[in-house]
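What follows is a set of notes on a single structure, which appears directly below.
The values are calculated or read from the model by the stated rules, or taken from the named source; none is laboratory data. What you see is a predicted model, and the numbers here were worked out from it, not measured in a lab. No Cβ is skipped: glycine too gets one built from the backbone with ideal geometry, and neighbour counts run over all protein chains shown. Only protein heavy atoms, including side chains, enter the accessible area calculation; ligands, DNA and RNA are left aside. Shrake-Rupley method; radii C 1.70, N 1.55, O 1.52, S 1.80 Å.
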Amino acid sequence: MLDTPSPSSPPSFFPRPDGLKLAYRHRAGTGATIVFLPGYMSDMDGGKAVALDRWAAESGRAMLRLDYAGNGASEGAFEDGTLASWRDDALWLIDSLTRGPLLLAGSSMGGWLALLVALARPERVAGIVGIAAAPDFTEWGFSEADRAKLGVEGRLVEPTPYGDQPYVTTLGFWESGQALKLLEGGISLDCPVRLLHGQADPDVPWEIALRLAEKLRSSDVQTLLVKDGDHRLSRDGDIVLLIRTVASLLDHS
């Protein structure tokens, strides 16, 4: 099940038990497998994921990139997805395609999913890197008016600066997120965790990184704040920081 694609090669596909095909790119290599978990309405071909994969290729490191159902090249409808179903998509591909230790790198919602994946497979996860990680954003990211509209209309449609398509949130996704909140209690993970967060992030307050660091049981947690960093953290210097952080964790895993 291992392949060594170039960044521009077509993705591979792996069927879920229900037959829906999930897109992925799996690079063979040494050490823990880096798994990149994209953010909401994002995919495995974003700048950070591609840059990390290019570094993995140059360094001989194993890496798995993936698209949740309804995202990127994967089959399915985006609005059918929930936080739980996308967690399960990631777990299905991880369990089916990889062996041994994992280093999870999650961007925004992907940072929340990285924590949920780690909680489901604690024995395999050697480290986590959160990039503007957004755990519990269904709780702190929605106003009372938003929640009321979701309850009445079943979906919320908002403009976004990150793409041509509007930002759509379904009631099903919101309810799934509320059922999987992490910041209200302790998070029983003991692996090393690195949290990269821009203090100029307009979408996920940088204080969320501090709350997350406090809630994690692990004693090996570091929060790295980029004073002028935005939500994406995809500038050249941000990418250098991400790769340096991942490389350091891999060297000590």
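Observations on the model:
- Rounded percent of accessible protein surface that carbon and sulfur make up, the range 151-244, 1.4 Å probe: 50 percent
- Sequentially through the range 224-236, phi angles give Karplus couplings (6.51, -1.76, 1.60; θ = phi - 60°) of 10, 9, 9, 4, 9, x, 8, 5, 6, 6, 10, 5, 3 Hz, Gly and Pro residues having no value and appearing as x.
- Scaling the Cα radius of gyration of the range 55-166 by the globular reference 2.2 N^0.38 Å produces a ratio of 1.21.
- Choice from Asp95, Asp53, Asp45 showing the highest fluctuation, given a GNM over the chain with Cα pairs closer than 10 Å: Asp95
- Neighbourhood charge, 10 Å Cβ-Cβ cut-off, centred on Val246 and excluding it, Lys, Arg +1 and Asp, Glu -1: +2
- Taking amide H atoms as placed 1.01 Å from N in the peptide plane, the amide H of Arg61 lies under 5 Å from those of Thr30, each 5 or more residues away in sequence or on another chain.
- Viscosity 0.692 mPa s, temperature 37 °C, Stokes-Einstein D of the range 148-253 from Kirkwood C-alpha radius, µm²/s: 203 µm²/s
- Mean separation of Cα pairs under 8 Å and 6 or more residues apart, divided by the residue count, gives the chain a relative contact order of 16 percent.
- Potential lengthening between Gln165 and Ala247 on full extension [0.36 nm per residue; Cα-Cα distance subtracted]: 26.1 nm
- Residues of type lysines that Lys21 reaches as a straight line, Cα spacing below 16 Å, ignoring anything fewer than 8 places off in the same chain: none
- Positive end of the dipole of the chain (Cβ unit charges, origin at the Cα centre): among Gly185, Thr98, Trp174, the Cα lying farthest that way belongs to Thr98.
- For the range 199-208, Karplus couplings with θ = phi - 60° (6.51, -1.76, 1.60), whole Hz, Gly/Pro x: 7, 9, 6, x, 10, 10, x, 5, 5, 4
- Inverse mean reciprocal Cα-Cα distance (Kirkwood Rh) of the chain, Å: 18.2 Å
- Computed 3J(HN,Hα) for the range 177-193, one whole-Hz value per residue from the Karplus formula 6.51 cos²θ - 1.76 cosθ + 1.60 where θ = phi - 60°, is x, 5, 7, 10, 5, 10, 7, 7, x, x, 10, 7, 10, 10, 6, x, 9, glycine and proline marked x.
- Using a Förster distance of 35 Å, the FRET efficiency for Ser12-Ala145 (Cβ separation, nearest 0.05): 0.25
- Evaluated at q = 0.18, 0.20 Å⁻¹: base-10 log I(q)/I(0), Debye formula over Cα of the range 103-177: -0.80, -0.91
- The GNM of the chain, with springs linking C-alpha atoms under 10 angstrom apart, assigns the highest mean-square fluctuation among Gly229, Gly154, Gly185 to Gly185.
- The range 174-200 and the range 54-125: distance between their alpha carbon centers, rounded to Å: 16 Å
- Taking the chain as a Gaussian network of alpha-carbon nodes connected by springs under 10 Å, the highest mean-square fluctuation of the residues Lys149, Lys215, Lys181 belongs to Lys149.
- Set of aspartates and glutamates with alpha-carbon distance to Lys215 below 15 Å, sequence-local pairs under 8 removed: Asp136, Glu184, Asp190, Glu207
- For Lys227, the aspartates and glutamates whose Cα falls under 12 Å of its own Cα, not counting residues fewer than eight places away in the same chain, are Asp201, Asp238.
- Computed with the Debye formula from one identical point scatterer per Cα of the range 23-77, without solvent, the log10 of I(q)/I(0) at q = 0.24, 0.28 Å⁻¹ comes to -0.86, -1.05.
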